[in-house]
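The values are calculated or read from the model by the stated rules, or taken from the named source; none is laboratory data. Please read these numbers as outputs of a predicted model, since none were measured by experiment. Positions of Cβ are generated from backbone atoms using ideal geometry, with glycine treated the same way; all protein chains shown enter the neighbour counts.
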Amino acid sequence: MEKIETHFIDDGPYCRLKIDVKTIRKNIVGIKILSYNRKMEFEFDKGKVKDFKSELMDFDDRQNIMKDGFKNVGRKWDDEQIDLLIENFHQSNGDLDIISKEMERGKRGIKMKLIELGLIDKD
């Protein structure tokens, strides 16, 4: 019977490392590791690596490992997100903590986008 056991390890301020260990009758037959930007999969046969795959993570995959409150870290800015940022900037009087929490993004990303939009000066 196949069993998958999932483990999470803190991997920075926004995300976690997710490790799925697949076993059959107490023998490890596969490991899948999801990090912020990479997905790696290992298949084992009789204790030896049979197959290995590595690929870049896409935004949807990344959502599985992001910590609560940071689900949009790394998300591309679209027009709707930019409009929401501008609205939040004015409503919060430029408070990056409030904007970050509201938009589920990191303060650094918020600040960089506000500089790019000319709403704040680069320090």
Scanning the stretch 89-104 residue by residue, those under 17 Å from Asp68 (Cβ atoms) and of a type in the set (Asp, Glu) turn out to be Asp97, Glu102, Glu104
Apart from one, (1) loosely packed, with under 12 Cβ neighbours inside 10 Å; (2) in contact (Cβ under 8 Å) with a residue 24 or more places away in the chain; (3) not aromatic (Phe, Trp, Tyr) all hold for Ile120; the odd one out is (1)
When you check Ile86 against the structure, is it touching a Leu at 6+ places or on another chain (Cβ under 6 Å) and loosely packed, with under 15 Cβ neighbours inside 10 Å, yes or no?
no
Of the residues in the stretch 2-61 that are acidic (Asp, Glu), more than 29 Å from Arg75 (Cα to Cα) and at pLDDT 95 or above, the one that is surrounded by the fewest Cβ atoms within 10 Å (Cβ to Cβ) is Asp51
Pairs returned, first residue in the stretch 77-104 that is farther than 20 Å from Pro13 by Cβ, second residue that is assigned to a loop (DSSP other than H, G, I, E, B), beta-carbon separation under 6 angstrom, 6 or more apart or interchain, are Phe89/Leu119
If we take the stretch 27-123, then helices (runs of 4 or more DSSP H) inside it with 2 or more residues that are touching a strand residue (DSSP E or B) at 6+ places or on another chain (Cβ under 8 Å) are 59-62
